[in-house]
Structures are given as structure tokens and as C-alpha cells.
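Student: First the structure, then my questions, so here it is.
A short reminder: the numbers here are calculations on the coordinates, not readings from a lab. In this text the structure is predicted, and so the values were computed from the model without any measurement. Methodologically, a virtual Cβ is constructed for each residue, glycine included, from the backbone with ideal geometry; neighbour enumeration extends over all protein chains shown.
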Amino acid sequence: MAKRLLIWTGLLFLDLVIAVLILCAYFGGYRGLLLVDQGSEHPQWHNVTPDCPDTIPELFQMEYSPWPLPRDQNLSAIAGITLQPGRPVVLKGKPNPTRYWNIVFYPAGVDKHTSSLPCIDCSRVELEPDGTYVITLSATPAGKNWIDTGDASGGFIFMRNYVPAPGQTVTLPAIYYGDRLMQPAKEVDDVR
């Protein structure tokens, strides 16, 4: 009887190890997402829009985007960033062909989805002469499009693009740490 119990316990343990390995393989392409709200020295845009081919797993969508809109009305993405004194995070991009877009900063550990989060939207962004924008995230005022990060050491930026024009390309901005390019702009073609 003890031998049979030992065999079943061993098989159960082996089954658990296999399940963990499968989960690690599945989430392997999403390294860093478990702690995306802590920031990253190597920021990447992660798509949180349902039905897009490169959407992050639903587990993370529920954590970071609990009210996702359908793909034809929304294209949203998140990127974890770290903040250091004297090194602003700079977003460089172009306005998207949408009815509305915004960028929100979620400091690490903050309650999600509050109305007091630092943000900027398409109605307040001042464009450069060439039609692009530059948005600076830092603790001290910088530039005409500034998002105050307060005393946060990291967090994530969330870009929402609501009701994109059919057949158009939506672009997520390039991410710079100071003058150093960390993540080039990312285009998403034909969002519908």
C-alpha cells in the first residue's frame, strides 16, 4: 500500500512539474509582464487589445485592462518603464488616425484605474512643426508635453487609441531614456 501511495505521489509531482514547464514555455515570450508595473530597463510595447495577433495573455489583460473594448473600437498597449533622477523618459510619435488617444502613467503599486493618474490626451498635446509630438515623463517639469511621475521609481505607460479609422495604421511611440532609444515606434497595420 505504501509503495502504491509513493508511486501516485511521484506521478502527481511529475504532472505538476510538466504543467509548470508548459506554463513557462507559454509565458516565455512575455518575460517581464508579471512585474510590468515595476518598470523595465528594456521597455517594450505589449498589445492589450483583444483579438489582435500579438495580444498578451488574458491573465495580464485582466490585470492591466479590465474593460477592454472590441478590436474595431480600440488599440491599446502597455510598456513598463523605470525612472531615474535626471533621466527623463521621452515618447516620440505622431498623432494616430483615431477619434481619441491618450497616454497614462501608472506608478508602481498604485491602485489601478483611478481618475487622478498623470496623463495627457490628444486634445492637450502640442505638436512639433513637423506634426509629431514629444512627451516627457519626469519628476520635474520638462517640455510642453509633460507627464509628472512624482517620486515613482518605475511603472508603466498605457496608450489607448479609441475608434481608429478603418484600414489605417496606428503607431505606438518610440521610447527613449534621455537621448537613448530603447524601443522604436511600433506600427499596427489595419487594426480592423
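Student: Quick one: is Y176 touching a helix residue (DSSP H, G or I) at 6+ places or on another chain (Cβ under 7 Å) and at negative phi? Don't jump to the end; show me each part of the working.
Tutor: Numbers: touching a helix residue (DSSP H, G or I) at 6+ places or on another chain (Cβ under 7 Å): no; at negative phi: yes.
Spelling it out, it is not the case that Y176 is touching a helix residue (DSSP H, G or I) at 6+ places or on another chain (Cβ under 7 Å) and at negative phi.
Student: A follow-up question, please. Which of the strands (runs of 3 or more DSSP E) contained wholly in the range 85-181 include at least 1 residues that are touching a strand residue (DSSP E or B) at 6+ places or on another chain (Cβ under 8 Å), farther than 24 Å from E41 by Cβ and touching a residue at least 60 places away in the same chain (Cβ under 8 Å)? So that I can check it myself, show each step before the final result.
Tutor: On the way: elements: 89-93, 98-107, 119-121, 133-138, 146-148, 154-164, 170-172, 174-177.
Filter on the range 85-181 gives 98-107, 154-164, 170-172.
Student: Can you name the number of the only condition in (1) surrounded by fewer than 19 Cβ atoms within 10 Å (Cβ to Cβ); (2) of a type in the set (A, V, I, L, M, F, W, C); (3) over 14 Å from I81 (Cβ atoms) that A108 fails?
Tutor: So A108 meets the others, but not (3).
Student: Which residues, counting only those in the range 135-175, are touching a Ser or Thr at 6+ places or on another chain (Cβ under 8 Å) and aromatic (F, W, Y)?
Tutor: Result: W146, F158, Y162.
Student: Mind listing whichever residues of the range 121-149 are surrounded by 12 or more Cβ atoms within 10 Å (Cβ to Cβ) and at positive phi? Spell out the reasoning first.
Tutor: Taking the range 121-149 and keeping what is surrounded by 12 or more Cβ atoms within 10 Å (Cβ to Cβ), we get 121-122, 125, 127-128, 132-139, 142-149.
Passing the criteria: only G143.
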